[in-house]
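Participant: I am attaching a structure below and will ask some questions about it afterwards.
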Amino acid sequence: MAMAWVWTAMVVLSLVCGLWTGRIDAVANAALEGADSAIRLSISMAGIMCLWSGVMEIMNACGISAMLARAFRPLLRRLLPQACRDEETLAAVSANVSANLLGLGNAATPLGIRAARRMAVGCGGVASDELCLLVVLNTASIQLLPTTVASVRAAAGSSAPFDILPAVWLSSLLSVTAGLTAAALLSRRGGRS
């Protein structure tokens, strides 16, 4: 709801500035060009997202996703010991981390929601430390293949959309480290009060 107000304010401000400066025609042209660009980007992104969703389905059918999820289970059992007592929750968290690792945020979101719902049972309306940690892991995930960002770069005309890999690896590793550190510090602080 807040974003609707922000967007409305931006549109009204643009119109007022266009009227004030006498360049309302430039504002109208910019709006039409922006809409055209948005449609083109959406269509090209849809195709690329279909491609990567298909790759994810092939990985699921071949068992590669399950292997990745199994590889993460020892680490997740250490990070989320309470949640990992339930096999279905552990499977959802593992699949979520695996999808995020492959840069498939759209595929990871339903898995993360399923895991969060299962972890929230019995919390009494207050997020547990482990649920907060899941949100941190989901938000600041390490990405080996940033497929969404590469898709946007490809749609924008980049000749080498994956040349950002070292920067993505470093920044995602730093963000996960910072998130886990902050979650651990806040968890300890909350336990003392």
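The values are calculated or read from the model by the stated rules, or taken from the named source; none is laboratory data. Note that the structure is a prediction, hence the values are computed from the model and not measured. A quick note on method: Cβ atoms are made from the backbone with ideal geometry, for glycine too, and the neighbour counts reach across all protein chains shown. Protein only, heavy atoms only, side chains kept; ligands, DNA and RNA dropped before computing areas. Shrake-Rupley method; radii C 1.70, N 1.55, O 1.52, S 1.80 Å.
Participant: Can you tell which of 183, 140 is of a type in the set (A, V, I, L, M, F, W, C), at pLDDT 85 or above and open to solvent by less than 60 Å² (accessible area, probe 1.4 Å)?
Facilitator: 183
Participant: Filter the range 74-97 down to the residues that are under 18 Å from residue 142 (Cα atoms) and of a type in the set (Val, Ile, Thr) and list them by number.
Facilitator: 93, 97
Participant: In addition: Mind checking which pairs have a first residue in the range 39-51 that is open to solvent by 50 Å² or more (accessible area, probe 1.4 Å) and a second that is outside any helix (DSSP H, G or I), Cβ under 9 Å, 6 or more apart or different chains?
Facilitator: 41/156
Participant: Is at least one residue of the range 52-73 open to solvent by 70 Å² or more (accessible area, probe 1.4 Å), more than 30 Å from residue 137 (Cα to Cα), of a type outside the set (A, V, I, L, M) and modelled with pLDDT of 80 or more?
Facilitator: No, the range 52-73 has no match at all.
Participant: Which condition breaks for residue 164 when tested against (1) closer than 21 Å to residue 179 by Cα; (2) under 20 Å from the mean Cα position of the chain (by Cα)?
Facilitator: (1)
Participant: Specify the residue that is surrounded by the most Cβ atoms within 10 Å (Cβ to Cβ); the eligible residues are those in the range 74-91 that are within 14 Å of residue 135 (Cβ to Cβ) and at pLDDT 80 or above.
Facilitator: Step one: list which residues in the range 74-91 are within 14 Å of residue 135 (Cβ to Cβ), which gives 79-80, 83.
Filter again for at pLDDT 80 or above, leaving 79-80.
Working: 79: 20, 80: 22.
Checked the range 74-91; the qualifying residue surrounded by the most Cβ atoms within 10 Å (Cβ to Cβ) is 80.
Participant: Which residue out of 145, 111 is of a type outside the set (Ser, Thr, Tyr), open to solvent by 50 Å² or more (accessible area, probe 1.4 Å) and out of contact with any strand residue (DSSP E or B) (no Cβ under 8 Å at 6 or more places or on another chain)?
Facilitator: 145
Participant: Of the conditions (1) in contact with an Asp or Glu (Cβ under 7 Å, 6 or more places away or on another chain); (2) under 23 Å from residue 106 (Cβ atoms); (3) not acidic (Asp, Glu), residue 150 clears all except one; give me its number.
Facilitator: (1)
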